[in-house]
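For reference, the structure discussed in these notes is given below.
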Amino acid sequence: SLSREHCNLKYSDILPHNAEGYPATREFLMKVVDILLDFIKSTSDRNAKVLDFHHPSDMMRLLDLEIPDTGLTLQQLLIDCSTTLKYQVKTGHPHFFNQLSCGLDLISMAGEWLTATANTNMFTYEIAPVFILMEHVVLQKMRELIGWSGGDSILAPGGSISNLYAFLAARHKMFPTYKERGLSAIGGQLVMFTSDQCHYSVKSCAAVCGLGTDNCVMVPSDDRGRMIPSKLEELIMERKARGHIPFFVNATAGTTVIGAFDPIPEIADICQRHKLWLHIDAAWGGGLLLSRRYRHPRMTGIERADSVTWNPHKLMGALLQCSTIHFKEDGLLISCNQMSAEYLFMTDKLYDVKYDTGDKVIQCGRHNDVFKLWLQWRAKGTEGFEKHMDRLMELSEYMVRRIKQMPDKYYLILEPEMVNVCFWYLPTRVRNMPHTAERIKILGDICPILKGRMMQAGTLMVGYQPDDRRPNFFRNIISSAAVTEVDVDFLLAEMDRLGHDL
Ligand SMILES: O=C(O)c1cc(=O)cc(C(=O)O)o1
């Protein structure tokens, strides 16, 4: 807690309100840092819980979230900070496997602290000169890793918006007068294509941009979750026969649930033949472009795409959020979205206004998501990122081996292409049953119960979900640098401890 002289102070006693307030300001902020360091310490403590679960109504009673009429003391604010983190899920804990984004990279976090302190907008070079230049350098490096020279990119508030920007640029490329004239510039029904395993944000582009989801054709995938190219071409021809205008194909590099990679070369050939825009949603798999060992064959041909989404906040471990969208053709983003608002994007500035990025996107104000990635890249180097990717894949391969060593307790659903390990847990009573539809139904039904036990015990978090081919199954994600083989062994033992009697 704060020293006696400062513990009754309020926000009005610190900078900027009180010009003499630096000592109190410093003490308060250092106390906040202490609270954050405690959280970081317990996040990396394997004996600490991943979460302290309470149902929402109980949680409300444990918290004091009331919005006060008069401000509270700095001391109370410190208590508020501690309480908030006490009930926050530790997504950086070595036993947190629940999402595609797991882990707490402390260099990236330090970058986020600086980003917050700089508190600037990314729309013009004028107020973010260093960060704008960093964006250029980092995004160009990522385009080189995709296999392009030139082109353009930007950071977006998440993979869904990155995919939307690709859609907008594709439509603009094919129908440049759409921007001014709207639908009448198109004179026909646009159609887009994606696999039935794709991220739902691709389909939402059709809803948001007026195609209608009926015109977002879901292409069947094979039993590995990969788009079937021959089906794609059939569906394109069928829509053309109906007088529709196919214009956009999304291929997924790393699907959300099973981590599948669509076959890019065959899909790119089809796009070339039919003159369609090829977008590759590598939001999840993109990090593997950094690995010479795993990039091929998963993303062979990615350089043939017209646009690529790649989220460093996923496999690369940059802090949330950090999503990038890359275009092979330079100039497309700005011509598609530019509105030239005179109060912001004046052309008579003293510096080269091509560095003003705000007019490239429909957002205007844009958060600085680049510094935490740049600082991380400075810390790791490209080879450090490659080691990180190879390590995550190695741990997933270890988990698959361990699961195969316990066929009585675990059923591996398919050989993973990346770090999504999909399996069923087998409680004692089903271990002698044949693997029939009847048993699969039981295995699906126990997922939410076993997950509930994990959350109540607070010792582990592994995600589950159904897909279009099967009921609930567990999907384990290893994307955290904190995870080791010991944690994989813990996961498999803990699920059995919690679930054997289900
Ligand atoms: O960035 C993430 O962690 C993320 C994004 C998703 O769309 C879906 C998931 C997920 O299914 O874990 O995670």
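The values are calculated or read from the model by the stated rules, or taken from the named source; none is laboratory data. On a predicted model such as this, the values are computed, not experimentally measured, just so you know. Ideal geometry is used to build each Cβ from the backbone, glycine not excepted, and the neighbour counts take in all protein chains shown. Surface accessibility is based on the protein's heavy atoms, side chains included, excluding ligands, DNA and RNA. Shrake-Rupley method; radii C 1.70, N 1.55, O 1.52, S 1.80 Å.
An ellipsoid equivalent to segment 41-153, defined through the eigenvalues of its Cα gyration tensor, has semi-axes of 36, 23, 13 Å when rounded to whole angstrom and sorted largest first. Taking 0.36 nm per residue of sequence separation and removing the Cα-Cα distance, the HIS136/ARG378 pair yields an extension gain of 85.6 nm. Ligands, DNA and RNA left out, the accessible area of the chain computed with a 1.4 Å probe is 56% carbon and sulfur. Here LYS441 is the anchor, and the lysines within straight C-alpha reach of less than 27 Å, apart from those fewer than 8 places off in the same chain, are LYS404, LYS409, LYS451. Scattering from segment 156-206 was approximated by placing one identical point on each alpha carbon and applying the Debye formula without solvent; log10 I(q)/I(0) at 0.17, 0.22, 0.30, 0.31 1/Å stands at -0.58, -0.87, -1.16, -1.19. Counting Cα-Cα pairs of segment 351-502 in 10 Å increments starting at 0 gives whole-percent bin shares of 9, 32, 25, 16, 11, 5, 1, 0.
Three principal axis extents of segment 317-375 based on alpha-carbon atoms, in descending order, are 39, 25, 19 Å. Fully extending the segment from ASP45 to THR213 would add 55.9 nm, taking 0.36 nm per residue of separation and subtracting the current Cα-Cα distance. The alpha carbons of segment 248-289 occupy a box of 29, 19, 14 Å along the principal axes, longest dimension given first. If you wrap the tightest convex hull around every Cα atom of segment 286-350 and split its volume per residue, you get 141 Å³. Computed extension gain for ARG224 through ARG469, at 0.36 nm per residue and net of the alpha carbon distance, reaches 87.1 nm. If you take the alpha carbon atoms of segment 331-410 and fit the smallest convex hull around them, that volume is 190 Å³ per residue.
Taken per residue, the accessible surface of segment 161-270 reaches 38 Å², heavy atoms only and a 1.4 Å probe. Computed from label points 7 Å out along Cα-Cβ, the spacing between LYS275 and ARG292 is 4.1 nm. The accessible area of MET237, taken with all protein chains in place and a 1.4 Å probe, comes to roughly 100 Å². Helical content of the chain, expressed as a calculated mean residue ellipticity at 222 nm, amounts to -13000 deg cm²/dmol (DSSP H runs of 4 or more residues, -39,500 (n - 2.57) each, divided by residue number, nearest 500). Within segment 266-355, the chymotrypsin sites (Phe, Trp or Tyr not before Pro) that combine a DSSP coil assignment with at most 12 other C-beta atoms in a 10 angstrom radius are TYR343, TYR351. Across all C-alpha atoms in segment 246-384, the radius of gyration and Dmax reach 17.3, 51 Å. The translational diffusion coefficient of segment 426-502, from Stokes-Einstein at 10 °C and 1.306 mPa s with a Kirkwood hydrodynamic radius over alpha carbon pairs, comes to 119 µm²/s. The share of alpha-carbon pairs in segment 38-103 lying farther apart than 16 Å comes to 56%.
The value for segment 209-306 of Rg(Cα) / (2.2 N^0.38 Å) is 1.09. Applying a DSSP loop filter and a limit of 14 other Cβ atoms within 10 Å to the chymotrypsin sites (Phe, Trp or Tyr not before Pro) in segment 27-129 leaves TYR87.
Once each of the GluC sites (Glu not before Pro) sitting in a DSSP loop with at most 13 other beta-carbon atoms within 10 Å is removed, the chain keeps 67-341 as its longest stretch.
Taking all Cα-Cα distances within the chain, those exceeding 29 Å account for 58%.
Once both labels are positioned 7 Å from their Cα atoms along Cα-to-Cβ, the gap between THR83 and TYR343 label points is 4.0 nm.
With the simple model of a label 7 Å out from the Cα in the direction of the Cβ, ARG402 to ASN119 spans 4.5 nm. Overall shape of segment 90-249 was characterised from the C-alpha gyration tensor. The equivalent ellipsoid obtained from it has semi-axes of 35, 24, 14 Å, in decreasing order.
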